[in-house]
Structures are given as C-alpha cells and as structure tokens.
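A short write-up of the structure that comes next.
Each value in this text was obtained by applying a stated rule to the coordinates, not by laboratory testing. Only a predicted model underlies this, so the values are computations on that prediction, with no experimental measurement involved. Cβ placement follows ideal geometry from the backbone for every residue including glycine, while neighbour counts extend to all protein chains displayed.
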Amino acid sequence: MRTHDLIVIGAGSGNMVVNDRFEHLRVAIVEDRKFGGTCVNYGCIPSKMLSYTAELTDSIAVANTFGIDAELHELRWPQVRDRVFGRTDAVSTEGERGRRAADFVDVYSGHARFTGDRQLAIATAEGIEQLSADRIVVAAGSRPAVPPPVTEADLPFETSDTVMRMDVAPRHLAVLGGGYIAAELAHVFSSTGSGITIIEKAGRLLGGPQDEALRDTYTEMMRARYDLRCGTELTKMSGAPGDLVLHLDDGTEVRADTLLVAIGRTPNSDHLDVQCGGIDTHDDGRIVVDEYCRTTAPGVFALGDVCTAIPLKHVANREAAVVQHNLLNPDDLHQADHSLVPSAVFTNPQMASVGATEQSCRDDGRDYRVGVARYEDVAYGWAMQDHTGLCKVLTEAESGRILGAHVIGSQAASLIQIFVVAMNFGIPAGDLARRPYWIHPALSEVVENALLNVRRPST
C-alpha cells in the first residue's frame, strides 16, 4: 500500500485545492475521467461558449428591427463544436500535464473506492493500486440523472455529458426537464435550426430560487419559441434510433430524432463506497459535511456536487478555497458560507437571482418592500428595444436591507452582481441607489431605478 499525506479524489474543483503551498507534502490526485471536471469538459464552460454562439444567431434574427439587412445562411455545427472543445480539451490536457510534471504530486488515472479508514483502492488500466493518506478530499462531482422510462427503453439518448459533442445537430430535439441545463441546451440547439420540445413535470420552467413572476414571464416567452409540455411526465419511450416516440402521462406523444435527458444530477458518492470509509450521506446521496467541509470521517473533507445542496461551479470553487485553507490551517478553520449564492441561466433572455423571492417573503410573514424597473424604462433598454426585461429587488421594510433580487433580460448574470456585492457588505437599498454614480445610459440604470422604486407591495 502506497502512503500519501493527502489524496484528492476528482480533478475538477478538487484540483484547485492543491498549489505550491502543499509542495512539502506527498500528494495524490485521482481522476477517472478528464482533468477539469464537469465544468471544463461537459458543463458550464462549453455550454456558455455555445450559448454565446446562439446569442449571435439570435441577433441576426432580429437585425431587421434595427434597420439592418442580415440573413443567417448556415450555422456550421461541426466547426462550432470544434471551436469549443478544441479550447476546453486543450485546457484539460494541459492541466493534467502540469500536475504530472509536479515533483510532489502523483496522478492516478482510475476510479477510487474506499476500502477502510482513509484507505482507497484505485482501479487503473494497469490494475488495482492500494493507497492510504493522512487526509483525503472527496471532490468526485455528480452525473446526469436518467429516469427509468429512458433506461428501460434500450434506445439511444443524450445527456449534457454527450449532446454538445454530437457530430450532427438534431432535426428535432426533445428535452426531458425544464431546469437550467435543459433551458440552456434548448437555446443552443434551437440556434442550429433544431425543432425543440421541452417536457417538464412542473407547471413552469426553471425551478429553484427564481421569483414566481419572472418564472411565469420566462415560461411564456419559451412557450412562444418551443413546443412546451409543462405539467407532463414521460411514462414510456419507444420507436427506433433516430425515430423516438415519447409517451406522456397526459396521453400525448412526442416524436423526435434525439432525446436530451436533463432532469438533474446525481452525486457520485454511490460509486465510491464511502460507507467503507466511515462517511455518512444524506438520503439523496450527498455526502454529509459540516460548515468547515469536513465529513463524518476524521481527516476526510468533501466539496462540490458530491456534497453540496447548491450544485454550482462557483459554489464548488468557494468550497475548494475553504478546504485548501483548512488543510493548511487546522487551528484556524474557515467556514463555507452558502447564505447568498447567486445563480444565472444563460439563455435568451438571461435570468439571474440572489437571495429571497417575493413568495418566500410572503410565506415567512416578512414586512418587506419591492422595487421593479423595466429595461424599456431606461435609455439603454430603448436602444435594445427590450419590452420584456425587468429587474426586481426586495428589501426589509424598516432597515432597507436588501433581501433578494431577480433579473430577466440581457446581461442579467452581470447585473445581479451589483446586488450580490451590496448584500454581502450590508449596503441598504437607499444608499446603493443614491450614493454611487450610475453611468448613463448604461443598462445598470435598470438596477438604480428598481432601487429607487422600492415601495409597499400591492395586495
């Protein structure tokens, strides 16, 4: 059995834990897929690169509105795909090469399973490696969840891990699920000319921390763009490869050549035999961690999708920073604070959110105020001719403390950061609106106006 000071399972955000401050230790990094994890190889980076391409095609579609004669002749999907993965694959390869070149790091390409207290068996191409360590970091991520009607059909389907690398864009893409991943990939393939049907069991798209009013707006905008089947579930899948038939619980059918399953993700803890290492899990499979990212097993930490209730890359990165500090400073532990985590959907329009929603304020019996401003009310919104975008802010009635904010429209993912900063530093809505200069006529004026419009909500 080979002994290390530290073993990191997973080379996504887990790879961020190890830097030159660990060079006095013997470190092992175990990865059974590609360096960079889901984000670099299968998730947020390639999907956002493709989303940007989709934005460009959207701009061509509306160019005539602005007096521009423009026409999209062809979106060359193989070239679009190769531009993206030529970049991300190189990042992954370089990341692994750099680790293998480090004198204090051993890289194991294989699958890890716990065999005892801080003991692992690594299944590599050469055989089984037995490892132990004083401390272990579990950063093994998650995988796409696939429901029984799909697995039982013995027919081809795609997930976010595979769909972006397809050789040919689908003629008609059926998307099972209506969350962030589903929405973004529907936008991507719609830009290629694919017909899109979205099947979502909830009554609206985009669950989670989104404000109900904005979810309603977003859902209706997507309903005008796609074949939207909300409030329905898949019961059976039949047909043949390239000619799939999806049977829904309302008695209707959807035909498509390609199915994308995007109903959520499953933590990879069940592939690690974590119980053999004394590591407890929640009912949904997430590893149990405390505020310091420590598991129930002494000397074992966890971070990212394998343990967090908020499976976002920026959350995993923050947890990686916390774990790094706590490994190096065991007498001065830092906490992973998840109280104000922003999120964004990179579609057209974008949606972004942080903090409380209006419905949660009502449900909690809070005395709150609400401010709303529309994009079309500010000069840059006029330039864009945006009649749907809006910004909404919720504040505590007495103090003016910002409780939450929600934006739908262009640049929403950037505009929400103004609220994130203000909420983290405790800047009241009135001070945020009146003390700084707001560049005119930037789109950020929609944030200023929402803050200035704060008033008692209508009943």
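How much length is gained if the chain between residue 296 and residue 85 is pulled fully straight, taking 0.36 nm per residue apart and subtracting their Cα-Cα distance, in nm to one decimal? Walk me through the numbers on the way to the answer.
Numbers: separation 211, 0.36 × 211 = 75.96 nm, distance 3.82 nm.
Once the chain is fully extended between residue 296 and residue 85, it gains 72.1 nm.
All other residues with a Cβ under 12 Å from the Cβ of residue 239 taken together, and with Lys, Arg as +1 and Asp, Glu as -1, what is their net charge?
Values: positive: 236, 255; negative: 154, 243, 253, 257.
Surrounding charge for residue 239 is -2.
Would you please state which residues of segment 389-424 a label at residue 434 would reach in this model, taking the label point 7 Å out along Cα→Cβ and a backbone N cut-off of under 19 Å?
Taking a point 7 Å out along Cα→Cβ of residue 434, the residues of segment 389-424 whose backbone N falls under 19 Å are 393-403, 422-423.
Along each of the three principal axes of the Cα atoms of the chain, give the extent in whole Å, ordering the values from largest to smallest.
Computed over the chain, the largest-to-smallest principal extents equal 68, 59, 41 Å.
Tell me the GluC sites (Glu not before Pro) within segment 362-442 that lie in a loop according to DSSP and have at most 15 other beta-carbon atoms within 10 Å.
Loop-located and lightly packed - 398.
What is the distance, in nm, between label points placed 7 Å from the Cα along the Cα-to-Cβ direction at residue 60 and at residue 123?
A separation of 4.6 nm, rounded to one decimal place.
Between residue 236 and residue 20, what FRET efficiency comes out of the Förster formula 1/(1 + (r/R0)^6) with R0 = 60 Å and r the beta carbon distance, rounded to 0.05? Walk me through the intermediate numbers first.
Details: r = 55 Å, r/R0 = 0.92.
Given R0 = 60 Å and the Cβ-Cβ separation, E is 0.65.
From Cα pairs below 8 angstrom and at least 6 apart in sequence, can you work out the relative contact order of the chain, rounded to a whole percent? It would help to have the intermediate numbers written out before the result.
Values: 957 pairs, mean separation 63.1, N = 459.
Normalised by residue count, the contact order of the chain is 14 percent.
Provide Rg over Rh for segment 87-140; use the alpha carbon set for both Rg and the Kirkwood Rh (inverse mean inverse pair distance). All intermediate terms of the calculation are to be shown ahead of the outcome.
Numbers: Rg = 13.0 Å, Rh = 12.7 Å.
That ratio equals 1.02.
Would you list 341, 370, 447, 421 from fewest to most Cβ contacts within 10 Å? Numbers along the way, then the final one.
On the way: 341 18, 370 21, 447 26, 421 11.
Lowest count first: 421, 341, 370, 447.
If R0 is 30 Å, what FRET efficiency do you get for residue 275 and residue 363 from their C-beta distance, rounded to 0.05?
On the way: r = 37 Å, r/R0 = 1.22.
Plugging the Cβ-Cβ distance into 1/(1 + (r/R0)^6) gives 0.25.
Where both residues lie in the chain, what percent of DSSP beta bridges are antiparallel, nearest 5? Write down the numbers at each step before the final one.
Working: 49 of 82 bridges.
Around 60 percent of the beta bridges assigned by DSSP in the chain are antiparallel ones.
Where in the chain are the DSSP H helices whose alpha-carbon span along the long axis reaches 24 Å or more and whose Kyte-Doolittle mean is at least -1.0?
Values: long enough: 44-61 (25 Å, 0.39); 77-101 (35 Å, -1.26).
Span-like helices here: 44-61.
As I understand it, the dipole of segment 1-147 uses +1 on the Cβ of Lys and Arg and -1 on the Cβ of Asp and Glu, about the Cα centre. Which of 27, 53, 146 lies farthest toward its positive end?
27
Report the label-to-label distance for residue 385 and residue 202 in nanometres (one decimal), using points 7 Å from each Cα along the Cα→Cβ vector.
Label at residue 385, label at residue 202, 3.3 nm between them.
Ranked by Cβ crowding within 10 angstrom, fewest neighbours first, how are 387, 247 ordered? Before the final figure, lay out each step's value.
Details: 387 10, 247 16.
Result, fewest neighbours first: 387, 247.
Grab the Cα-Cα distance for residue 452 and residue 309, subtract it from 0.36 nm times how many residues apart they are, and report the gain in nm with one decimal. Spell out each step's value before the answer.
Working: separation 143, 0.36 × 143 = 51.48 nm, distance 3.41 nm.
Difference between extended and current length: 48.1 nm.
Using the basic label-point model (7 angstrom from Cα toward the beta carbon), what is the residue 417 to residue 154 distance in nanometres?
5.1
Gain in length, residue 69 to residue 288, computed as 0.36 nm per residue apart minus the alpha-carbon separation, to one decimal in nm?
Values: separation 219, 0.36 × 219 = 78.84 nm, distance 5.68 nm.
73.2 nm is the gain from fully extending residue 69 to residue 288.
Please return the longest range in the chain lying between exposed loop sites, taking chymotrypsin sites (Phe, Trp or Tyr not before Pro), DSSP loop only, at most 16 other beta-carbon atoms within 10 Å, and leaving the sites out. Display every interim value, and only then the final one.
Values: sites that count: 104, 292, 425, 437.
Answer - 105-291.
If the cut-off is 23 Å between C-alpha atoms, which lysines fall inside it for residue 313, apart from same-chain ones fewer than 8 positions away?
34, 48
How are the alpha carbon pair distances in segment 148-263 distributed across 5 Å bins from zero to the largest one, expressed in percent?
2, 12, 24, 25, 20, 11, 4, 1, 0
Show which lysines lie in cross-link reach of residue 392 when reach means a straight Cα distance below 19 angstrom and same-chain residues fewer than eight apart are skipped.
The reachable lysines, counting only those whose Cα sits under 19 Å from residue 392, number zero.
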